[in-house]
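Data block below; observations after.
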Amino acid sequence: PRVTGVQTCALPICSITFKNYVKRNWKVREDVQDRIHSSDRDQVKCLIVDLMLKSPGPVQKQLSQAIAIIGQEDFPARWPNLVTDMVAKFASGDFHIINGVLQTAHSIFEKYAIEFKSQKLWEEIKFVLDGFAAPLTELFVQTIALAQQHAGNKEALRVIFHSLALIAKIFYCLNYQDLPEYFEDQMSAWMPRFHELLTMENSLLVTDDDEPGVLEELKSQICDNIGLYAHKYEEEFQPYMQQFVTAVWNLLLATGPQTKYDLLASNAIQFLASVADRPHYKALFEDPAVLGSICEKVIVPNMEMRECDVELFEDNAEEFIRRDLEGSDVDTRRRAACDLVKGLCRHFEEKITGIFGMYVKTMLDSFNANPSANWKSKDAAM
């Protein structure tokens, strides 16, 4: 038993060592001797997917990253069967295996949302879409049906919603560069289900700590997805726009100030900012009552500093300034609220200025009445 325990504990260390070795040596560099024999490369690619899927969680994560590193160099030209091998695992019905495949796929495909357009990138995305888009859509539909069947099973729901979050992330990557013909044809399969997930509540998925749970992670990614469509594919997305604006609005009203909701709130506000910035959707915000409600219930509350913001400023002022003013890869509620104001001012500057003028006066009056106690009001006003 003692030897078995040592071997079990050593597995994550071995997988990390393997991943790091692949990271250092898999790419063949000019004028440098290849440290991995071609037969070993073929053997690794032949075995690693199955090995990754059969491994425990910590090992699976490391091997998944190793597959992504190999994929950066070899996929698809020297590893054309990778997509086929991964898709074949969807039929297993085992969500430990399915989530391993989805995590690996996301690790490989996430570069599509980062890299600049090129012919090589287009060809690779086309290759992936041909083999992965339809099975992913089928898996999405089946997984939502499973979530409905297991609505009272907490552990099953956590696994299922983790799968849905990964599927939503892959959807974003595959749709980022351009709207694929397949996904345009399948919008009726994706968008109503995104709306269903965005508006659903389940007390079993509510977390007690400060970390976002799987439901917040999924809803946050859906806000990213519909924001992408609203910004880049507004004509195709038009039939779904009104219902998503309403859903996101209601979501923001129900989202508390806790830090675990920060990314969700930020992405939801950014979606509204994307919509407000487009002339095509101007009519959705023309009513002064709508603008006033957005300012009162969304923008102003998310401009105000919370205790966690004060703590960050006290502990690391440079990081606070970087997030709050300069912009970074960490989205904040305050910055998203600023972006929404800018989007609204593009078409309704006079109305927005009038509305905010009243709020600024009220907050400054509050500060002047008791500067030491109400300094946050002045900060929000500024």
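The values are calculated or read from the model by the stated rules, or taken from the named source; none is laboratory data. Predicted model, so just to flag it, every value in this text is computed and none were measured. Methodologically, a virtual Cβ is constructed for each residue, glycine included, from the backbone with ideal geometry; neighbour enumeration extends over all protein chains shown. Note: accessible area is taken over every heavy atom of the protein model, side chains too, but ligands, DNA and RNA are not part of it. Shrake-Rupley method; radii C 1.70, N 1.55, O 1.52, S 1.80 Å.
So here's what we get for this one:
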read-out	value
Residue within region 51-60 that is free of Cβ contacts under 8 Å to residues at least 12 places away in the same chain, surrounded by 13 or more Cβ atoms within 10 Å (Cβ to Cβ), part of a loop (DSSP other than H, G, I, E, B) and of a type outside the set (A, V, I, L, M, F, W, C) present	no
Residues of region 297-323 that turn out to be closer than 25 Å to Ala276 by Cβ and out of contact with any Ser or Thr (no Cβ under 6 Å at 6 or more places or on another chain), as a count	11
Residue in region 265-272 that is under 27 Å from Tyr233 (Cα atoms), at pLDDT 90 or above, buried (at least 18 other Cβ atoms within 10 Å of the Cβ) and hydroxyl-bearing (Ser, Thr, Tyr) present	yes
So Val300, is it among the aliphatic types (A, V, I, L, M), in contact with a helix residue (DSSP H, G or I) (Cβ under 9 Å, 6 or more places away or on another chain), surrounded by fewer than 20 Cβ atoms within 10 Å (Cβ to Cβ) and over 30 Å from Ala373 (Cβ atoms)	no
Hits in region 188-242 - residues which are part of a helix (DSSP H, G or I) and among the aromatic types (Phe, Trp, Tyr)	Trp190, Phe194, Tyr229, Phe237, Tyr240
Helices (runs of 4 or more DSSP H) contained in region 277-382 and holding at least 3 residues of a type outside the set (A, V, I, L, M, F, W, C)	288-294, 307-315, 333-369, 375-381
Given (1) under 26 Å from Ala133 (Cβ atoms); (2) in contact (Cβ under 8 Å) with a residue 12 or more places away in the chain; (3) of a type outside the set (Phe, Trp, Tyr), index of the condition Ala268 fails	(1)
Top-ranked residue in region 135-151 [being under 21 Å from the mean Cα position of the chain (by Cα) and aliphatic (A, V, I, L, M); ranked as surrounded by the fewest Cβ atoms within 10 Å (Cβ to Cβ)]	Val141
Some residue of region 227-243 being open to solvent by less than 10 Å² (accessible area, probe 1.4 Å), of a type in the set (A, V, I, L, M, F, W, C), more than 22 Å from Arg335 (Cα to Cα) and in contact with a helix residue (DSSP H, G or I) (Cβ under 9 Å, 6 or more places away or on another chain)	yes
Positions within region 73-91 being open to solvent by less than 70 Å² (accessible area, probe 1.4 Å), part of a helix (DSSP H, G or I) and either within 17 Å of Ser38 (Cβ to Cβ) or among the β-branched types (Val, Ile, Thr) (or both), in sequence order	Glu73, Asp74, Val83, Val87
Long-range neighbours under 8 Å by Cβ, at least six apart or interchain, first residue without any contact (Cβ under 8 Å) to a residue 12 or more places away in the chain and over 21 Å from Leu139 (Cα atoms) within region 184-213, second of a type in the set (A, V, I, L, M) and crowded, with 16+ Cβ neighbours inside 10 Å	Val206/Leu215
Selection within region 92-129 - under 24 Å from Asp224 (Cα atoms), free of Cβ contacts under 8 Å to residues at least 12 places away in the same chain and more than 18 Å from the chain's Cα centre (by Cα)	Phe116, Ser118, Lys126
Residues being open to solvent by 20 Å² or more (accessible area, probe 1.4 Å) and in contact with a His (Cβ under 9 Å, 6 or more places away or on another chain) - total across region 198-224	2
Count of residues meeting criterion [open to solvent by 70 Å² or more (accessible area, probe 1.4 Å), under 33 Å from the mean Cα position of the chain (by Cα), aliphatic (A, V, I, L, M) and at pLDDT below 90] in region 1-50	3
